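Here is the structure we will look at.
The values are calculated or read from the model by the stated rules, or taken from the named source; none is laboratory data. Remember, predicted model here, so these are calculated numbers, not experimental data. Glycine also receives a Cβ, built like all others from the backbone with ideal geometry; neighbour counts cover every protein chain displayed. Just the protein is used for accessible areas: all its heavy atoms, side chains included, with ligands, DNA and RNA removed. Shrake-Rupley method; radii C 1.70, N 1.55, O 1.52, S 1.80 Å.
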Amino acid sequence: MVSSRGVRHDSMRARNLAVVLATIHRSGPHTRAALAERTGLTKTTVSSLVADLLEAGVVAEGGAVRGGERGRPGVAVGLSGHRVAALGLEINIDYLAACVVDLTRTVRLRRVRPADNRNSDPAAILEGLRALVKEITAEAEEAGLRVIGAALAVPGTVEGGVLRSAPHLGWRDVRVAGLMDLPGELGHFEMDNEANLAALGELWFGAREPDFLYVSGEIGIGAGLVVRGSLFRGTFGLAGELGHVVVVPDGPACRCGGRGCLEVYAGQDALLGELASVGDLVARLESGDREAEQACERAGHALGVALTSAVHLLDPGRIVLGGIFAPLFRWLEGPVSEGLGARLGQMRGRPPALVVSGTGGEAAVLGAAGLIIQQILAEPAQLLGL
Ligand SMILES: [Zn+2]
């Protein structure tokens, strides 16, 4: 039986480990003496905590540390990317993706498997994803990395660890964590909506600005609002369903049951028409194809209308276009800016900056891995078993 005193001691230690690690993470390498000064902990306590963090490979001693000098108080201790890593996963309509990111948020491994996941059997797709996990974690372990947890980005709404609805996959109420049944330390499993994780991916791996509205163009259109470096999720975690903001009240029927939603005009299906891929659309646009240009003008105009409402509600300083909107940015930028500028001109000095995502198509899978890294940094004792 653990005494209450033991519990108190353990929780205080866990908190102190988190404080020391947060200081190193926020402000870079520190000597043990500087850490003691900044955290208000004694030098003895700091030395003991740093020893455990070193042992777990979370931090490393920087500079030219020669044999016999390890542990010398003058040596700076910084975050280490050599040992601890996290797994990011994504189920998209057209592919499965995985990446391994280390503690310094450096991408170490990445995999993308093309797949047709429309109206699919969850068990079969998750089986494929598990095979991908096995392959990439084996490679990570060969590289000396300890992969601690996994987060999965899904194109649907997530509530209490259950994938409530992913209409394009044809999934409802799927208990993904149970079906995935990941082994060992990967058992620390998180799942969130693709647009939410993509917004975090943009925050940690893209422009790294603390305030923006991320707009994710996929088959559906989602948005993630980042405020002072934190994701705004809404009361039920369902904020950001931009694709179902009404652009034309009596417009064509949408799969959500409404009419004239943004998705009907600017979702992937509307943009591609008969074309097979975004690459095909870009090729047409580059050759000056009028029909392709008109599809982008229509989509950009609708996006400008929907974003005008979002700007009035949320007042973001920047709007980041990601997903399939990133490769199409050249052709969308004009119509979207026009729509935004024309509608916001009377109310504001200028519309928010409209920029392209800096993460290519990888924002969601990177954000997933980044989420676990953030959790390890916040709770090293719990997640690393220190
Ligand atoms: Zn809709």
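Among the GluC sites (Glu not before Pro) within segment 288-386, which fall in a DSSP loop and have no more than 10 other Cβ atoms within 10 Å of their own Cβ? Walk me through the numbers on the way to the answer.
On the way: sites: Glu291, Glu293, Glu297, Glu333, Glu338, Glu362; in loops: Glu362.
Those that pass, being in a loop and sparsely packed, number zero.
Scan segment 226-270 for trypsin sites (Lys or Arg not before Pro) in coil per DSSP, keeping those whose Cβ has at most 16 other Cβ atoms within 10 Å, and list them by number. Mind showing how you got there, number by number?
Working: sites: Arg228, Arg233, Arg255, Arg259; in loops: Arg228, Arg233, Arg255.
When the trypsin sites (Lys or Arg not before Pro) of segment 226-270 are filtered for loop state and at most 16 Cβ neighbours within 10 Å, Arg228, Arg233, Arg255 remain.
Binning every alpha carbon pair distance of segment 207-358 at 5 Å from zero, what are the percents per bin?
The distribution over segment 207-358 is 2, 10, 19, 23, 20, 15, 8, 3, 0, 0, given as percents.
How large is the Kirkwood hydrodynamic radius of segment 118-169, counting all unique pairs of alpha carbons, in Å? All intermediate terms of the calculation are to be shown ahead of the outcome.
Details: mean 1/r = 0.0775 Å⁻¹.
It works out to 12.9 Å.
Using only Cα atoms, find the angle between the long axis of helix 363-378 and the longest principal axis of the chain, and express it within 0 to 90 degrees, rounded to the nearest 10.
Taking the Cα atoms of the chain, the angle to 363-378 is about 30 degrees.
Helix-only mean residue ellipticity at 222 nm, the chain, DSSP H runs n ≥ 4 weighted -39,500 (n - 2.57), per residue, nearest 500. What is it? Please report the intermediate quantities before stating the final value.
On the way: 13 runs with 164 residues, N = 386.
Helices in the chain give a 222 nm mean residue ellipticity of -13500 deg cm²/dmol.
Shape of segment 156-290 from its Cα gyration tensor (a ≥ b ≥ c, root eigenvalues): rounded if a/c is under 1.5, otherwise prolate when a/b > b/c, or oblate?
Values: a/c = 1.60, a/b = 1.45, b/c = 1.10.
The shape class here is prolate.
What's the carbon and sulfur percent of the chain's accessible surface, probe 1.4 angstrom, rounded to a whole number?
Values: 8970 of 17730 Å².
The value for the chain is 51 percent carbon and sulfur by accessible area.
Residue by residue through segment 247-255, what is 3J(HN,Hα) from phi via Karplus (6.51 cos²θ - 1.76 cosθ + 1.60, θ = phi - 60°)? Round to whole Hz and write x for glycine and proline.
9, 10, x, 10, x, x, 5, 10, 5
Provide the descending list of Cα extents for the chain along its principal axes, expressed in whole angstroms.
Extents along the principal axes, in whole Å: 71, 51, 44.
Once R0 is set to 22 Å, what does the formula 1/(1 + (r/R0)^6) return for the Cβ-Cβ distance between Thr44 and Glu379, expressed as a FRET efficiency to the nearest 0.05?
On the way: r = 23 Å, r/R0 = 1.06.
Efficiency, from the Cβ-Cβ distance: 0.40.
What dipole magnitude, in Debye to the nearest 20, does segment 179-295 give about its Cα centre under +1 on Lys/Arg Cβ and -1 on Asp/Glu Cβ? Working shown, then result.
Working: 7 positive and 19 negative charges, 76 e Å.
Approximately 360 debye in magnitude.
Give the accessible surface of the chain per residue, rounded to a whole number of Å², with probe radius 1.4 Å and ligands, DNA and RNA excluded. Could the numbers behind the result be given before it?
On the way: 17730 Å² over 386 residues.
That works out to 46 Å² for each residue.
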